[in-house]
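Before any comments, here is the structure.
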Amino acid sequence: MANHKSAIKRIRQAESHRLRNRYFARSMRNAIKQLKSLTDKAEAAVKLPSVMSIIDKNAKRSIIHKNKAGNLKSKLTKGINTLA
């Protein structure tokens with residue numbers, strides 16, 4: 001157990017940050033799954049910018065790496081472009 005007040009506070013902060021990061025990461029994964037499940041190209045093209053925005057925000061918050069964000073966006077765009 002922590003012996004210093006500052007260490008105890010850091011433990012509290014780390015837990016709240018961990019829960020917040022989990023929420024943002026889970027929300028991003030759900031949005032990606034919903035986008036991948038779409039079969040209509042027009043509908044997917046409308047939803048793509050909002051999903052990309054979520055991915056960019058998570059990269060900005062360091063929840064995911066910036067290169068992973070780029071890879072995700074690239075794969076999603078390629079997937080939507082292949083829809084009929």
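Selection over the range 49-75 of residues that are of a type in the set (Lys, Arg) and either touching a Phe, Trp or Tyr at 6+ places or on another chain (Cβ under 8 Å) or at pLDDT below 95 (or both) gives a count of 2. Cβ-Cβ distances below 6 Å connect the following pairs, each with a first residue in the range 8-23 that is part of a helix (DSSP H, G or I), a second residue that is among the β-branched types (Val, Ile, Thr), and a separation of six or more residues or different chains: 21/63.
Is there a residue being of a type in the set (Asp, Glu) and in a helix (DSSP H, G or I) anywhere in the range 29-40? Within the range 29-40, not a single residue is of a type in the set (Asp, Glu) and in a helix (DSSP H, G or I). For the range 41-65, a tally of residues being assigned to a helix (DSSP H, G or I), without any contact (Cβ under 8 Å) to a residue 24 or more places away in the chain and either among the small types (Gly, Ala, Ser) or farther than 16 Å from residue 21 by Cβ (or both) returns 8.
Can you say whether residue 9 is charged (D, E, K, R) and either within 15 Å of the chain's Cα centre (by Cα) or within 22 Å of residue 72 (Cβ to Cβ) (or both), as far as the supplied structure shows? The answer is no for residue 9.
The values are calculated or read from the model by the stated rules, or taken from the named source; none is laboratory data. All of these numbers come straight from a predicted model, not from anything done at the bench. Heads up, the Cβs are rebuilt from the backbone with ideal geometry, glycines too, and the neighbour counts pull from every protein chain shown.
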